[in-house]
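Step one of this worksheet: look at the structure below.
The values are calculated or read from the model by the stated rules, or taken from the named source; none is laboratory data. What you see is a predicted model; the values in this text were computed from it and never measured. Cβ coordinates were reconstructed from backbone atoms using ideal geometry, including for glycine residues, and neighbour counts include every protein chain displayed. These area figures cover heavy atoms from the full protein model, side chains too; ligands, DNA and RNA do not enter into them. Shrake-Rupley method; radii C 1.70, N 1.55, O 1.52, S 1.80 Å.
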Amino acid sequence: MKLIFLGAPGSGKGTYATRVAPAIGVPQISTGDIFREHLKNNTEIGKKIKSIMESGNLVPDEVVMEIVKDRLKKDDVKKGFIFDGFPRTLEQAEEFGKITSVDAVVNLVVPEKIIIDRLTSRRVCEKCGSIFNIMSMKPKEEGKCDKCGGKLIQRKDDTLEVIMDRLNVYKKQTQPLIDYYRKKGLIIDIVNDNPNASPEQVLPRILEKLKNIQTK
Ligand code: ADP
Ligand code: ZN
């Protein structure tokens, strides 16, 4: 199955994509994670995008398409994929459409107030990238990753100021994609307006809807 997860920053894209992917046997591909790897390893791409990412702006489409095309060369995508955080602009979506088909686009709909609360309390594992939340998805031991024991840190772009900028970027550049894919009949809306719903409660709702999807 070939899926895209769409949603504002903090809508739970990453959280659900990492859980749905093993359930349906496809890799989860987060362009944000790939870029953060480049930053960490201080690659040529990393140097180019550092200030853009830290300010909450979008990486240029050419750079994004380059890493996406590269990622699609790996064997594991033969069974399908979940793209999480890609495409994010109409240009990316159109380019992507030339490379591969998509079976469905999961659109996570979450009220802005919940998003802001969630992002300011989000923590990620420095080592393996697992996502936690000091309010709603606490690690077993404070400051420590349940999976690998790595240190939990706050992303540089998870401060209130940058969050507001990222939300504006999302509204302007990414929201038009909802219409774009809706016209193609691909959108599955998942409304999540309960701030206390755990991923374990939301996950079955997504999997249930995916059961009806015809793969191409
Ligand atoms: P979030 O969805 O929480 O904002 P991501 O990890 O998806 O976080 O993305 C983090 C940052 O990486 C973005 O703010 C942007 O700078 C960059 N990025 C990730 N994916 C893309 C993309 N498809 N197009 C442009 N920039 C991207
Ligand atoms: Zn970890």
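Take every pair of alpha-carbon atoms less than 8 Å apart whose residues are at least six positions apart; their mean separation over the length of region 125-216 yields a relative contact order of 19 percent.
Rounded to 0.05, the FRET efficiency of the I178 and K40 pair, given R0 = 30 Å and the Cβ-Cβ distance, is 0.40. In this calculation the C-beta distance from D33 to I134 is compared with R0 = 25 Å, giving a FRET efficiency of 0.75. Estimated purely from DSSP H runs of n ≥ 4, each contributing -39500 (n - 2.57), the mean residue ellipticity at 222 nm for the chain is -13000 deg cm²/dmol once divided by its residues.
Among the trypsin sites (Lys or Arg not before Pro) in region 7-88, those located in a DSSP loop and surrounded by at most 14 other Cβ atoms within 10 Å of their own Cβ are K73, K74.
Would you mind calculating the relative contact order of the chain from Cα pairs under 8 angstrom and at least 6 residues apart, reporting the percent as a whole number?
On the way: 310 pairs, mean separation 64.0, N = 216.
Rounded, it is 30 percent for the chain.
Ordered from highest to lowest accessible area with the whole protein assembly present and a 1.4 Å probe, D103, D193 read as D193, D103. Using a simple spin-label model with pseudo-atoms 7 Å out from Cα toward Cβ, K127 and K144 lie 1.1 nm apart.
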